[in-house]
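What follows is a single structure, written as structure tokens, with notes after it.
We did not get these values from a lab; they are worked out from the coordinates using the rules stated. Given the structure is predicted, the values throughout are model-derived calculations rather than measurements. Ideal geometry is used to build each Cβ from the backbone, glycine not excepted, and the neighbour counts take in all protein chains shown.
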Amino acid sequence: MRGSIKYLILFMAVFFMCLPIQKALASAEVYIGANTHSPSVKRWAVSIDLAPFDSISWIWNLEIKDKLHKNKRRDTILVVPETAIPEDITLVVWFHGLGGFSEKTFAKRIIPQIDYLVDGGNSFAVAIPEMPWSINTSTRRGRQGRVWTKPGELERYIKDLKEHLDVWALMKHGKSIGNVRIVFVGHSAGGSAIMAAAKEGGLCRVAPEAIIWSDASYGYWLDSAWSGCVKNLGPDTEAHVLVRRWDKPHKNAERAMRAVRRARRRNTGPNVLYQVLDRKRWSHGRIGNNVFLLTDVFPPGC
């Protein structure tokens with residue numbers, strides 16, 4: 001029955017509670033870790049309850065102290081659609097914008113795009129780490145760039161995600177996880193997370209297949225990410241830059257692209273795909289809601 005709640009226990013380094021959400025057309029299992037922020041749990045549960053695809057997801061505490069967060073620590077979410085296969089899977093890590101990690105982020109921006117990828121027959125999972133500028137903090141418009149700055153921090157997070165995926169693969173398919181491709185998406189303020197992780201170097205040490213700036217090149221974020229470590233990635237990595245014509249991200253990207261073009265003339269750096277979108281057709285929010293439609297980062301059948 002829709003809305004019914006049953007508690008189960010799953011051991012995965014910590015204990016998780018499971019809330020199976022029964023729906024007429026789709027079902028979801030939501031595993032909840034200890035000390036998570038209950039409003040975030042509720043927002044995610046309500047959002048995934050309306051998703052038209054079957055899924056399993058986890059929400060757990062990152063155990064990183066944050067005195068400006070209502071729960072004093074931030075959380076993260078990992079969702080795996082039922083259609084994903086363990087042999088070959090793409091892990092999308094989504095860095096949200098200002099005031100994100102909200103029901104709007106989940107229900108209006110991310111879940112519809114998951115549904116789009118499910119319909120395309122793609123094997124993937126989506127991780128949503130809570131940023132210091134989330135809805136649950138007192139700095140919803142501040143602390144941009146102040147994440148993934150400690151040595152190895154992002155790599156440890158990716159390792160944790162892969163361990164969860166391995167548990168999912170064993171639990172659902174009786175086998176370990178196989179090849180995992182990494183895609184980073186930074187929408188709006190999420191671009192500062194890409195920048196910070198690139199300056200520390202962890203963004204590139206995990207060898208992402210794609211990095212996407214979703215109208216996210218504010219200030220010198222794109223310049224700093226490029227000079228930080230992105231310029232050293234090879235042509236097998238795609239770096240997508242999406243901007244709305246004449247807005248600040250466009251003006252900043254134009255400056256940053258000069259260095260990119262010089263590198264490409266020397267046949268160095270990643271494969272950069274730069275899109276300037278018609279401002280009459282594409283709002284800032286619409287770009288964030290259509291990242292995968294605009295970039296097509298998933299190969300056919302993957």
Calculated log₁₀ intensity ratio I(q)/I(0) where the Debye formula runs over C-alpha points of region 32-180, q = 0.12, 0.13 Å⁻¹: -0.49, -0.57
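Please state the charge dipole magnitude for the chain, taken about the Cα centre, from unit charges on C-beta atoms (+1 on K and R, -1 on D and E), reported in debye and rounded to the nearest 20. Can you show the working numbers first?
Values: 43 positive and 28 negative charges, 308 e Å.
Here the size comes out at about 1480 debye.
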Whichever lysines have a C-alpha closer than 27 Å to that of residue 67, once near sequence neighbours (fewer than 8 apart) are set aside: 42, 104, 150, 159, 199
Selection from 83, 125, 206 lying farthest towards where the dipole of the chain points positive, charges on Cβ: 206
Amide H contacts of residue 124 (H built 1.01 Å from N, under 5 Å, at least 5 apart or other chain): 84, 85, 90
Cut-off under 5 Å, modelled amide H: who pairs with residue 274 long-range: 241
Long-range tail of P(r) for region 155-239 (Cα pairs > 17 Å, %): 50 percent
Cα extents of region 138-295 along the three principal axes, largest first (Å): 51, 36, 32
19 Å Cα-Cα reach of residue 175 towards aspartates and glutamates, excluding residues that sit fewer than 8 places from it in its own chain: 82, 87, 88, 160, 163, 166
Surface/4 of the Cα convex hull for the chain, nm²: 14.8 nm²
Residue among 145, 111, 186 farthest towards the positive dipole end of the chain, charges placed on Cβ: 145
Amide H partners (placed H, <5 Å) of residue 212, local residues excluded: 184, 185, 186, 240
